[in-house]
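K.L.:
A single structure is presented below for examination.
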Amino acid sequence: MDLEYGRFPDASKKGSWKTALLFAYQSLGVVYGDLSTSPLYVYKSTFAEDIQHSESNEEIFGVLSFVFWTLTLVPLFKYVFVVLRADDNGEGGTFALYSLICRHANVSLLPNRQVADEAVSTYKLEHPPEKRSSSRVKEYLEKHKVLHTALLILVLLGTCMVIGDGVLTPAISVFSAVSGLELSMSKEHHQYAVIPITCFILVCLFALQHYGTHRVGFLFAPIVLTWLLCISALGLYNMIYWNPHVYQALSPYYMFKFLKKTKKGGWMSLGGILLCITGSEAMFADLGHFSYAAIQTAFTFLVYPALILAYMGQAAYLSQHHHTSYHISFYVSVPESVRWPVLVIAILASVVGSQAIISGTFSIINQSQSLSCFPRVKVIHTSDKIHGQIYIPEINWVLMILCITVTIGFRDTKHMGNASGLAVMTVMLVTTCLMSLVIILCWNKPPAVALSFLLFFGSIELLYFSASLTKFTEGAWLPILLALFLMTIMFVWHYATIKKYEFDLHNKVSLEWLLALGPSLGVARVPGIGLVFTDLTSGIPANFSRFVTNLPAYHCILVFVCVKSVPVPFVPPAERYLVGRVGPAAHRSYRCIVRYGYRDVHQDIDSFEMELVARLADFIRYDWHRSQHTSPYAEDDASHSNESSSERRLAVIGTVAFSGTPGYGIEESVEPASVSIGFSTVESVTDVIGMQAMGAGAVERRVRFAIDDDDSESDVQTKMYVQLEEELRDLMTAQEAGTAFILGHTHVDAKQGSSILKRLAINFGYNFLRRNCRGPDVALKVPPVSLLEVGMVYVV
């Protein structure tokens, strides 16, 4: 199934202020749940140990000043006004920035890249002409291969920290919300109630994930809106009632005064202050669900003022209460008469914020898997209408176990805050570094502009990052440990995938070998369609030669299928299939390259099989139509000369219309023109891409095998139509006979003489992951009755 790119209904409509306001309202529940619940634990984490609240109020006013300027500089200035503009066809996040960089500079480590991929409409490069300084940076990056690896490691680091945040945010959010019970019961009862209640809520939250958020998503925005209005009202009440002059603490002077008095303790307390911007990255990561204007409007005019009022209100209350009977927390500033309703709303808001980060974790793991950076896992799409609503069972239960372990193990906001703060700041540093490259390579701004951006925001984030590192033994070790573990898994998987592709590339079989197979060699053609899955975009894969060697027969219709990822978020369905012949038409062998973006929904196997056959019929008609204007016999003769020429014609098969009499029935009339453009792949294979002018009203069509019997004007055309009819009937007959899916069942060994590290990574690490993760047949949902597995040993 191909879901529409709209993400949310009517998300693509622009220009209406009512629509913008509607999306701004909807974004509250998806984007701002985590950020809006930060007042629950910021002051409590900040005053946990390093600094004390004194009668002079210098500490509380200094913390308020830091919170105000941090919220202003990072979420408002950096994300809302700069980073959100670096979207990749409307998508945001770490992989969006990496995708943009890879499209503007040849730094990608993905295998089977083709120049033909640049013809995809979402691959568009819209930027002013390159400046000399920008091109020098680009040349330097492309020249040094070690920088390609370093860039990938940086992206993986950011990805791993986002996954780590998916463990920590639900724990700290729900725990902080439930901890409000401490004001309503004795300390003895409190310590036995908060942990079980938190764990129960977390178990329920993760247990309900498989239903998808679309069933209760309509409640998310009202809950977060109610929470924001609640903390705003409490903030205004506390300011008016306790200290109307607290606004003076917004001056930067109080920051310097704070650091001057607290010295090292004040610097270390920044690890708690930075929690006020947890969830800011969600504004960019969830950009694909909403418009830039919606997210900007919601944050600037509602979320930002509400958070400032909440922090100012807490500071106003604490400035008049220096000897509270409880530790500093959000709930001490809540009037007793409304404490229970606020507690309920806080728990609901924390659940919404946790849901957002859990969904984001599923999404980023799915993106990592699409780019061959994560082992195969089962991805379930919980909604047929809203793009991006996915559920990954294995990851869900692992996250639940880790969340409960963190809650029981740490048991306090301080350690959870230290761990969460380091994860959040690492992701922001990665975004700042990648954004600097986007400014140079994609926006073609002078390097001085990118350097200024990097130094200004990087220095702020490094200050907070250094403060978080000092808490290594007090909880900050957890995200580092998780990141190292996940990065090892992701890098080993990606490295082995690249090595497997290189092995396939060097061991592919020549076309002459395939064409020579026949009855004279004891090789038979059996009825049906054989789909040979491979990562190669040209040549005959070694697993097929091994298949024929052990079982001297193959199908009447043979299709070499390559399912590949393109560094774009989405590939339009009409541009997904790249089809061509392997050998002459009489051989009935084809190549089909199926292209997906890193956020695309992969089709289930039934619809994929039906659409593949329809696209093959499309291609056959296109190819014979093209042959009317060239010499098909000359082409067939030339096809035997070398492998490259035999596969030189690949065509994008989508909603393409051809002039002349159609060779099969078309359910809907389409009129876009078709053009042929020449490309060459990285393996020196020339692709001729049949591109079409895609309009807003382009209609996808279904193909019926109906042959037109009108007489042709010439004998040559008559012969062509007879051959076309025969080829289409062969395809129809083969489809009725059944389809077999031929996949490689691989084992990878490091070659002799490899380093110990490589042998550990390949022989133990990769093979362990391969055995214990889902195989390609499960990932493709191939029915066992149609599966043929070919054992292959890769020595890399």
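K.L.:
Would you check which residues across the stretch 256-277 are of a type in the set (Val, Ile, Thr) and at pLDDT below 90 and list them? Steps first, please.
P.N.:
Taking the stretch 256-277 first, the residues of a type in the set (Val, Ile, Thr) are 262, 273, 277.
Residue satisfying the conditions is 262 alone.
K.L.:
Scan the helices (runs of 4 or more DSSP H) fully inside the stretch 715-796 and keep the ones with 1 or more residues being touching a Leu at 6+ places or on another chain (Cβ under 8 Å).
P.N.:
Numbers: elements: 715-737, 756-759, 767-772, 776-779.
Helices (runs of 4 or more DSSP H) meeting the threshold: 715-737, 776-779.
K.L.:
Contact list please: Cβ distance under 6 Å, first residue in the stretch 29-56 and among the charged types (D, E, K, R), second residue open to solvent by less than 20 Å² (accessible area, probe 1.4 Å) and part of a helix (DSSP H, G or I), pairs at least six apart or on different chains.
P.N.:
Once the first residue is among the charged types (D, E, K, R) and sits in the stretch 29-56, its partners that are open to solvent by less than 20 Å² (accessible area, probe 1.4 Å) and part of a helix (DSSP H, G or I) give 34/169; 34/353; 44/413; 50/265.
K.L.:
Checking the structure you have, find out if any residue of the stretch 322-331 is open to solvent by 30 Å² or more (accessible area, probe 1.4 Å), part of a helix (DSSP H, G or I) and not β-branched (Val, Ile, Thr).
P.N.:
So far as the stretch 322-331 goes, no, none of its residues is open to solvent by 30 Å² or more (accessible area, probe 1.4 Å), part of a helix (DSSP H, G or I) and not β-branched (Val, Ile, Thr).
K.L.:
Would a scan of the stretch 515-526 turn up a residue that is among the small types (Gly, Ala, Ser), under 29 Å from residue 265 (Cα atoms) and without any contact (Cβ under 8 Å) to a residue 60 or more places away in the chain?
P.N.:
Looking for residues that are among the small types (Gly, Ala, Ser), under 29 Å from residue 265 (Cα atoms) and without any contact (Cβ under 8 Å) to a residue 60 or more places away in the chain, one finds none in the stretch 515-526, hence no.
K.L.:
Given the structure, is residue 350 at pLDDT below 90 and either not in a helix (DSSP H, G or I) or not assigned by the TED database to the domain that holds residue 768 (or both)?
P.N.:
Numbers: at pLDDT below 90: no; either not in a helix (DSSP H, G or I) or not assigned by the TED database to the domain that holds residue 768 (or both): yes.
In short, no.
K.L.:
So which of 558, 612 is at pLDDT 85 or above, in a strand (DSSP E or B) and either in the same structural domain as residue 742 (by the TED database) or under 24 Å from the mean Cα position of the chain (by Cα) (or both)?
P.N.:
Of 558, 612, the one residue that is at pLDDT 85 or above, in a strand (DSSP E or B) and either in the same structural domain as residue 742 (by the TED database) or under 24 Å from the mean Cα position of the chain (by Cα) (or both) is 558.
K.L.:
Can you name the residue in the stretch 727-773 that is in contact with a strand residue (DSSP E or B) (Cβ under 8 Å, 6 or more places away or on another chain) and among the β-branched types (Val, Ile, Thr) and is also surrounded by the fewest Cβ atoms within 10 Å (Cβ to Cβ) among such residues?
P.N.:
It comes out as 733.
K.L.:
Show me the helices (runs of 4 or more DSSP H) entirely contained within the stretch 14-129 in which 2 or more residues are in contact with a strand residue (DSSP E or B) (Cβ under 9 Å, 6 or more places away or on another chain), open to solvent by less than 30 Å² (accessible area, probe 1.4 Å) and of a type in the set (Asp, Glu).
P.N.:
Per the criteria, no element qualifies.
K.L.:
Now, a different point. Collect the residues in the stretch 443-453 that are open to solvent by 10 Å² or more (accessible area, probe 1.4 Å) and touching a helix residue (DSSP H, G or I) at 6+ places or on another chain (Cβ under 7 Å), keeping them in residue-number order.
P.N.:
Within the stretch 443-453, 445, 446, 447, 449, 453 qualify.
K.L.:
Only one residue in 776, 784 is open to solvent by 20 Å² or more (accessible area, probe 1.4 Å), closer than 28 Å to residue 609 by Cα and touching a strand residue (DSSP E or B) at 6+ places or on another chain (Cβ under 9 Å), so which one is that?
P.N.:
Values: 784 fails: touching a strand residue (DSSP E or B) at 6+ places or on another chain (Cβ under 9 Å).
From the options 776, 784, the qualifying one is 776.
K.L.:
Under 7 Å between Cβ atoms, at least 6 apart or on separate chains: pull out the pairs that start in the stretch 284-302 with a residue that is in contact (Cβ under 8 Å) with a residue 12 or more places away in the chain and assigned to a loop (DSSP other than H, G, I, E, B) and end on any residue that is open to solvent by 20 Å² or more (accessible area, probe 1.4 Å) and β-branched (Val, Ile, Thr).
P.N.:
Filtered contacts from the stretch 284-302: 286/30.
K.L.:
Still on this structure: Restricting to the stretch 226-278, what's the tally of residues that are in a loop (DSSP other than H, G, I, E, B), open to solvent by less than 10 Å² (accessible area, probe 1.4 Å) and in contact with a Phe, Trp or Tyr (Cβ under 8 Å, 6 or more places away or on another chain)?
P.N.:
Let us first name the residues in the stretch 226-278 that are in a loop (DSSP other than H, G, I, E, B), namely 243-245, 251-252, 263, 269, 278.
Subset that is open to solvent by less than 10 Å² (accessible area, probe 1.4 Å): 269, 278.
Filter again for in contact with a Phe, Trp or Tyr (Cβ under 8 Å, 6 or more places away or on another chain), leaving 269.
So the count comes out to 1.
This table checks each residue for (1) of a type in the set (D, E, K, R); (2) part of a loop (DSSP other than H, G, I, E, B); (3) in contact (Cβ under 8 Å) with a residue 60 or more places away in the chain; (4) at negative phi.
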position	(1), (2), (3), (4)
377	no, yes, yes, yes
398	no, no, no, yes
417	no, no, yes, yes
421	no, no, yes, yes
426	no, no, yes, yes
443	no, yes, yes, yes
454	no, no, no, yes
463	no, no, yes, yes
480	no, no, no, yes
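The values are calculated or read from the model by the stated rules, or taken from the named source; none is laboratory data. Predicted model only: the values in this text are computed from it and were never measured. Here the Cβ is made from the backbone with ideal geometry for all residues, glycine too, and neighbour counts use every protein chain on show. Side chains are part of the model used for accessible areas, which takes the heavy atoms of the whole protein and leaves out ligands, DNA and RNA. Shrake-Rupley method; radii C 1.70, N 1.55, O 1.52, S 1.80 Å.
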